[in-house]
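Worksheet: one structure, shown below.
The values are calculated or read from the model by the stated rules, or taken from the named source; none is laboratory data. Bear in mind that the values here come from a model prediction, so they are computed numbers and not experimental data. Quick reminder, even Gly has a Cβ in these numbers, built from the backbone with ideal geometry, and neighbours come from all protein chains shown. These area figures cover heavy atoms from the full protein model, side chains too; ligands, DNA and RNA do not enter into them. Shrake-Rupley method; radii C 1.70, N 1.55, O 1.52, S 1.80 Å.
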Amino acid sequence: MTRNQKYFWSAMALLALLALPVAAMSQGMPMVNVTGGKGGTQYSLSLQLLALMTSLTLLPSFLLMMTAFIRIIIVLSILRQALGTGQTPPNTVLVGLALFLTLFIMTPVLNDVYVNALVPYMEKGMSFDKALAAAEQPIRGFMMKQTREDDIALFMQMARKGDAMSPESVPFTTLVPAFITSELKSAFTIGFLIYTPFVVIDLIVASVLMSMGMMMLSPMMISMPFKLMLFVLVDGWSLILGSLAASFVT
């Protein structure tokens, strides 16, 4: 198995491990029988299968909320708005770029899940509870490094659980919203720093046009080529993506 294949199956394994509790809780659910049609045809649907399929549609979104995806997609969206290019690059390109950059950043975490949770569970007979705990540890460690202490304290206070004595004492249900809040703060801070140079260009172009008496001409029409030229000359995509990846290194 190549390294890329191993990392891909690590991501799939993490998704499967998160889906297993739903399947476990749905054990013993009855069958739903529906009779209809002219011939009285009877259809059977297992509630266990229904619960599992429903969870699989929601788990990708939940999983992305616990990774670097939030910060990356927000920064890229703000960058597109700052450039003033409308829907270029399109949403599909931005989401795809954010997904692959997220996979690049989360590779050590996924590799840890693969080695310490999936392989022992599939090959060495590790119990499900121990495998789930082993898969949770690297994800918790990643989120804890990116979460501000003030956000953790806020949600601990809202949950009325007192102050956290150690990182291990923070419940996972409290850590996730604190992590998302911290990621939103970081993303908008980076977005502000990216937006500022482009606003300066817009102000300069607007001032020049007004001084020339060309008030009917849209400043955005003139400033966008200059912003694109500046972004290309400084190798903007490499700087932005490299800085985003480096922002997760602790």
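A few comments on the model shown:
- Residue check for GLY125: over 16 Å from ALA68 (Cα atoms) and of a type in the set (Gly, Ala, Ser): yes
- Sole exception among (1) surrounded by 15 or more Cβ atoms within 10 Å (Cβ to Cβ); (2) within 29 Å of PRO225 (Cα to Cα); (3) within 18 Å of the chain's Cα centre (by Cα) for ASN91, by number: (1)
- Annotation note: Cβ proximity below 7 Å between a residue of region 58-82 that is in a helix (DSSP H, G or I) and charged (D, E, K, R) and a residue that is modelled with pLDDT of 90 or more and open to solvent by 30 Å² or more (accessible area, probe 1.4 Å) (sequence gap 6+ or interchain) occurs for no pair.
- Scope region 197-250; condition of a type in the set (Val, Ile, Thr) and either within 30 Å of THR67 (Cβ to Cβ) or at pLDDT 85 or above (or both); matching residues: VAL199, VAL200, ILE201, ILE204, VAL232, VAL234, ILE240, VAL249, THR250
- Taken over region 121-166, the criterion of being of a type in the set (Ser, Thr, Tyr) and modelled with pLDDT of 85 or more is satisfied by THR147 alone.
- Criterion applied to ASN116, ASN111 was being without any contact (Cβ under 8 Å) to a residue 24 or more places away in the chain and in a helix (DSSP H, G or I), and the one residue passing it is ASN116.
- Residue match in region 120-132 (condition: in contact (Cβ under 8 Å) with a residue 12 or more places away in the chain, more than 25 Å from SER61 (Cβ to Cβ) and part of a helix (DSSP H, G or I)): yes
- Only one of the numbered conditions (1) within 15 Å of the chain's Cα centre (by Cα); (2) under 24 Å from LEU193 (Cα atoms); (3) at pLDDT 85 or above is violated by MET65, and that is (3).
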